[in-house]
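*Asks:* Just passing along the structure, written as structure tokens.
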Amino acid sequence: MDERDWRDRAPIRALQSGAVLGVIGMIAGQIAQDSSTGQVIFMSFFSLFFGAMMWLLALGGQRRLRATGTDRLPEREPRRLMVIGLMLIAILMWLMAGYGAFIAVLWGQPADGWHAVAYAGVALCASGATMMMRQSRQEWLAHYRRDWPSKR
């Protein structure tokens, strides 16, 4: 596997592994804090929905990577603000994961550790989505704006 192939597949792996970590952390956190059965069922439904959406996003990324030529490009230019927004969400989620890990170590409650795992999973998903959106934006710009004159 060459370096370009690894860079193309890294966002997909981040989405998939983040979805698994997020689902496990959300459900285990609810169970570890002795939540009611209704809360555990609701969180299970919500987290499985989240995991399924992230998995579908990863499958879409795999489909885009298998395409060649202009089929690989988005129909419209992906907005720069979308990449910036996803990046801010990823940074915020990594900070929350770090704080959650700090609280888990400080207080020693198992539920806090599982919640930190869930935050790390969601942060990994947000990072993967950011990388995927950035890749598609760069490919679109390289294809459609390659012949624009520059001021050199």
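The values are calculated or read from the model by the stated rules, or taken from the named source; none is laboratory data. Since we're looking at a predicted model, the values are computed, not measured. Cβ placement follows ideal geometry from the backbone for every residue including glycine, while neighbour counts extend to all protein chains displayed. Side chains are part of the model used for accessible areas, which takes the heavy atoms of the whole protein and leaves out ligands, DNA and RNA. Shrake-Rupley method; radii C 1.70, N 1.55, O 1.52, S 1.80 Å.
*Asks:* Given 20 °C and 1.002 mPa s, how large is the Stokes-Einstein diffusion coefficient of segment 74-116 in µm²/s, with Rh as the Kirkwood radius over Cα pairs?
*Replies:* It comes out at roughly 177 µm²/s.
*Asks:* Further question: Tell me, in nm to one decimal, what length is gained between residue 138 and residue 53 on full extension, where the rule is 0.36 nm per residue of separation less the Cα-Cα distance? Mind dumping the intermediate values first?
*Replies:* Numbers: separation 85, 0.36 × 85 = 30.60 nm, distance 2.41 nm.
Extending this stretch completely gives an extra 28.2 nm.
*Asks:* Residues with beta-carbon under 15 Å from that of residue 56, excluding residue 56: net charge, scoring Lys, Arg +1 and Asp, Glu -1? Spell out each step's value before the answer.
*Replies:* Working: positive: 63, 64; negative: none.
That works out to +2.
*Asks:* Provide the per-residue ³J(HN,Hα) series for segment 80-85, in order, calculated from phi with Karplus coefficients 6.51, -1.76, 1.60 and θ = phi - 60°, each as a whole number of Hz, with x at glycine and proline positions.
*Replies:* 5, 5, 5, 5, 5, x
*Asks:* Treating the angle as unsigned and between 0 and 90°, give the value, to the nearest 10°, between the Cα long axis of helix 37-66 and the longest Cα principal axis of the chain.
*Replies:* With both axes taken from Cα atoms, the answer is about 20 degrees.
*Asks:* Tell me, what % of the accessible area of the chain is carbon and sulfur with a 1.4 angstrom probe?
*Replies:* 65
*Asks:* Using the alpha-carbon atoms, what tilt in degrees (0 to 90, nearest 10) does helix 110-144 show relative to the longest principal axis of the chain?
*Replies:* Orientation of helix 110-144: about 10 degrees from the principal axis.
*Asks:* Something else: If you roll a 1.4 Å probe over the heavy atoms of the protein chains, what accessible area per residue do you get for segment 10-99, in Å²?
*Replies:* With the other protein chains kept in place, segment 10-99 gives 64 Å² per residue.
*Asks:* Next up: Counting each DSSP H run of 4 or more residues in the chain as -39500 (n - 2.57), what helix-only mean residue ellipticity at 222 nm follows after dividing by all residues, to the nearest 500 deg cm²/dmol?
*Replies:* -29500 deg cm²/dmol
*Asks:* What span do the alpha-carbon atoms of the chain cover on each of the three principal axes, reported in whole Å from largest to smallest?
*Replies:* Taking the Cα atoms of the chain, the three principal extents are 62, 31, 30 Å.
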